[in-house]
Amino acid sequence: MATLETVLMILLVLNAVGLGALVLLQQGKGADIGAAFGSGAASTVFGGSGSASFLAKLTAWLAMGFFVLSLALAFTAKERAASLMDLGLPVVTTPEEADTVLTESVAEPAPVAVPEALTVPSEPVDSDVPDA
């Protein structure tokens, strides 16, 4: 299952890089005015309509692929999180087993040494602060 997640993650990163490059390659709507005054758009590789429709369609397909890959990654993550076997936890079927698992797994806490500077003095300390 981990290899499926790795493959999906690599595909998602490649898709995101391609999507970002395609968005940066596209011209804004204001660039179409320059084509009306003879900027030579008819002699492009993509024909008279230019590369706008091709890039727009390719961007749409990559965007759909991004959503599908994201949903697939979310599904695999949910499946992995739902599995108790991956965590190594014991499977409990009855309340009695739950009690024994809890009592066996809880250990006595280790004593904590408190530094002398943090202890409360037994006799009052003289202070320069006036009482309120």
- Here FRET efficiency (C-beta to C-beta, LYS78 to VAL23, R₀ 30 Å, nearest 0.05) is 0.50
- Message: Please list, by residue number, everything in segment 12-28 whose backbone N is under 17 Å from a paramagnetic label point 7 Å out along Cα→Cβ of SER70.
- Response: 12-23
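Once the Cβ-Cβ distance between LEU4 and ALA60 is put in as r, and R0 is 30 Å, what FRET efficiency do you end up with, to the nearest 0.05?
My answer for the efficiency is 0.70.
Bear in mind that the values in this text are calculations on the coordinates, not laboratory data. What you see is a predicted model, and the numbers here were worked out from it, not measured in a lab. Here the Cβ is made from the backbone with ideal geometry for all residues, glycine too, and neighbour counts use every protein chain on show.
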